[in-house]
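First the structure, in the form of C-alpha cells, and then the observations on it.
The values are calculated or read from the model by the stated rules, or taken from the named source; none is laboratory data. Here the structure is a predicted model, which is why all the values come from computation and not from measurement. Backbone-built Cβ (ideal geometry, glycine too); neighbour counts: all protein chains shown. All accessible areas refer to the heavy atoms of the entire protein, side chains included, with ligands and DNA or RNA removed. Shrake-Rupley method; radii C 1.70, N 1.55, O 1.52, S 1.80 Å.
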Amino acid sequence: MAENTTPTVRLWYSPGACSFVPHVALGEAGIKADLILAQVGAMAEEFQAVNPKRRVPVLAIDDEVITEMAAILTAVSSLAPESKLLGRTTLETIRVYEWLNYFSTTAHAQAVASVFRTERFTNDPSTYPAIRQKGRETIQEVYALIEEKLKASGTQFAVGDSFTVADACLVLLYLWASRLNIEMEYTYPFYTVYVNRQAERESVKEARKIHTL
Ligand SMILES: N[C@@H](CCC(=O)N[C@@H](CS)C(=O)NCC(=O)O)C(=O)O
C-alpha cells in the first residue's frame, strides 16, 4: 500500500450481505471506492482468483487484496485516521474489536449462517430444521445482549460517544432481522431507537441503497 498518494480502493460486495459494513465504513471515511458485484450464490469464476475463500467482502487498496471483516475495517480506518472509526482511545479500540469478533463469530458465522447457509454445518439435510432453529435462538440471544449493552451505555453508539465500525455491524444485524422474520421493535426497543438514529447517517443510507437493505 503506497503511502502519501491517493490509493485506488475497490470493494467486492453482494446485495444484502455483510459487505454492507465496510461500505458504511468507506462512506464514513469519505473514501470513494469502486464497487464490484460478486453476487452470493452466483459468484463468477474470476472472483475465485480474487478471494479463493469465495466470500465477500473483499477490499483492494491499489494491488493489496484484503479479506475478513476485521482486517478490512482496520484497513479502511487506516486510510482515514481522523475519522476514528476504530475509536478514540486504546480502550475504545479494544471494545470495537470485541464487537467485531462477536459479530464475525457468534452472530454471523454461527447464528445467521445456521439459518441462511445451513449446508455449512452438516451433510445431512434432514437435520437442517434443528440447526436453523438453534441459529434463530442464538441470534435472538445476540439481539438481547445488544439491547442490554445499548441500554446500559447511555450513548447513541456501540462504543464511546462517536461512530465506529462496531455501529455498522450492529445496524446490519438489525437489518437482517426482517429476512429472519424476527420482530424487533417491541422486543428490542433501545436497539430499535439506536438503529433508527444510525439510519439517518448518509453512509448508512447510501450502503442500504446499494445493498437493498
Ligand atoms: N469470515 C468472513 C465471512 C464472510 C462471509 O461469510 N460472507 C458471506 C456474505 S455475508 C459470503 O460471502 N457468503 C458466500 C457464500 O456463502 O457462498 C468475513 O468476516 O469477512
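Phi angles across the stretch 91-102 convert, under the Karplus curve 6.51 cos²θ - 1.76 cosθ + 1.60 with θ = phi - 60°, into 3J(HN,Hα) values of 5, 5, 4, 4, 5, 4, 5, 4, 5, 4, 5, 5 Hz, Gly and Pro given as x. Only the Cβ atoms of Lys and Arg (+1) and of Asp and Glu (-1) were treated as charged; on that basis the dipole of the chain about its Cα centre amounts to roughly 440 debye.
Along the chain, counting only GluC sites (Glu not before Pro) with a DSSP assignment other than H, G, I, E or B and at most 13 other Cβ atoms inside a 10 Å radius, the longest segment between sites is 4-182.
Calculated mean residue ellipticity, 222 nm, the chain: -15000 deg cm²/dmol, from DSSP H runs (n ≥ 4) at -39500 (n - 2.57) each, averaged per residue and rounded to 500. With all protein chains in place and a 1.4 Å probe, the accessible surface of the chain carries 51 percent carbon and sulfur. When you restrict to C-alpha pairs under 8 Å that are six or more residues apart and normalise by the size of the stretch 9-83, the relative contact order lands at 38 percent. For the stretch 18-94 versus the stretch 99-127, the spacing of their alpha-carbon centroids is 21 Å. Please give the net charge around Gly160, taking every other residue with its beta carbon less than 9 angstrom from that of Gly160, where Lys and Arg add +1 and Asp and Glu add -1. Taking every other residue near Gly160 into account, the sum is +1. Distance between the 7 Å Cα→Cβ label points at Ser162 and Ser178: 3.1 nm. Per residue, the average separation of C-alpha pairs within less than 8 Å and at least 6 apart gives the chain a relative contact order of 24 percent. Legend: distances between Cα atoms for Lys32/Lys134; Lys84/Lys209; Lys32/Lys151; pairs beyond 31 Å are Lys32/Lys134; Lys32/Lys151.
Remark: the Glu82-Lys205 segment gains 42.1 nm on full extension, using 0.36 nm per residue and subtracting the alpha carbon distance. For the chain, the solvent-accessible area with a 1.4 angstrom probe is 51 square angstrom per residue.
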